[in-house]
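Worksheet for the structure shown next.
Values in this text are rule-based calculations from the coordinates and carry no lab data. Values in this document were obtained by computation on a predicted structure and should not be read as measured data. So basically every Cβ, Gly included, is an ideal-geometry build from the backbone, and we count neighbours across all protein chains shown.
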Amino acid sequence: MRIREMTDADCATVAELRVLGWRSAYAGLMPQAFLDGLDVAEGTRQLRERLAQGHAGTWT
């Protein structure tokens, strides 16, 4: 296994995995409208912004 720093090229995939993970893990626990509203494009934008600022190590 190789662990490396995340790059800008990873942001869309990481955002998509986050959205899919939330939708799977929280189905029935969170309002479905909230889960349906999770947006991969917005998550990608936020993650790229945090990465550019040097804060991509944590993302909630």
> Of all the residues that make up region 2-15, how many are in a helix (DSSP H, G or I) and either of a type in the set (Phe, Trp, Tyr) or in contact (Cβ under 8 Å) with a residue 12 or more places away in the chain (or both)?
Replying inline: 5
> In region 16-55, how many residues are over 17 Å from Met6 (Cβ atoms) and either outside any helix (DSSP H, G or I) or among the aromatic types (Phe, Trp, Tyr) (or both)?
Replying inline: 10
>> Of the residues Arg23, Arg48, only one is surrounded by 11 or more Cβ atoms within 10 Å (Cβ to Cβ) and touching a residue at least 24 places away in the same chain (Cβ under 8 Å); which?
In response: Arg48
